[in-house]
Amino acid sequence: MGYSEAKCPHCGKMNREMCNAYMYGSPIRTCRKCGQKYLNRRYREPAVQGFDQRTTDPNLYKKSGIICAALLVLAVIWYRFTTRNLGYYTNYQVGFLVMLPIATVGSIIQYIRIVSGSMDKANHKFLAESEERMKDKEYVAELLANGYKVPEKYLDNDGGENG
Ligand SMILES: [Zn+2]
């Protein structure tokens, strides 16, 4: 969970909204003050733009987990060296010794979530919401007008003759 902030180009109101970690949602937002629509490209419409790579690629976390674990080993060696041989340690060292285990465990958790399919399940919930929005032809037209490459399956839902 997180927050997104965007200034409405029509009235200048700063719209602060709750959003999910990967900003899945409609890039066409509605201003809470003036009710007009504006574009926020930081949002990602899964039906059009696909899922964030950070939710589908376990190798990202495998790599970052290995890198963080390796850095942690180095940080421990460095800490032991300076405390034992030189008689001091710094706040930087303590910072590394706190942050690197968190980053390593975080990477492992994300890796497991992707490999086990629990992330996929979450993604499909967002895709279902996205496909619900895509049923609105006006909405699809707005996305197209803003340069989004809408997949064909969302375009010919009017029984067109170009079959
Ligand atoms: Zn506004």
Legend entry - 3J(HN,Hα) from dihedral phi, region 38-54, Karplus parametrisation 6.51/-1.76/1.60, rounded to Hz, x for glycine, proline: 8, 9, 10, 5, 6, 6, 10, 8, x, 5, 9, 9, x, 8, 4, 4, 5
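Report the calculated FRET efficiency for ASN59 and SER116 (r = Cβ-Cβ distance, R0 = 25 Å), to the nearest 0.05.
Once the sixth-power term is evaluated, E becomes 0.95.
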Legend entry - Linear extension gain, ARG42 paired with GLU138, 0.36 nm per residue minus alpha-carbon span: 32.5 nm
Legend entry - Debye equation applied to the C-alpha atoms of region 65-115, log10 I(q)/I(0) at 0.13, 0.14, 0.20 Å⁻¹: -0.35, -0.40, -0.66
Inset, instruction - Taking every pair of alpha-carbon atoms in region 1-97, give the share separated by more than 24 Å as a whole percent. - result: 53
Inset, instruction - No other cysteine beta carbon under 4.7 Å away is the test; run it over the chain and list who passes. - result: CYS19, CYS68
Inset, instruction - Let me know the Rg and Dmax you get for the chain when you use only its Cα atoms, in Å. - result: 22.6, 81
Inset, instruction - State the dimensionless ratio Rg/Rh of region 94-139 (Rg: radius of gyration of Cα atoms; Rh: Kirkwood radius). - result: 1.33
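Since every read-out is calculated from the coordinates, none of them should be taken as a lab result. These numbers were taken from a predicted model, which means no experiment stands behind them. Glycine gets a Cβ as well: all are built from the backbone with ideal geometry, and neighbour counts include every protein chain shown.
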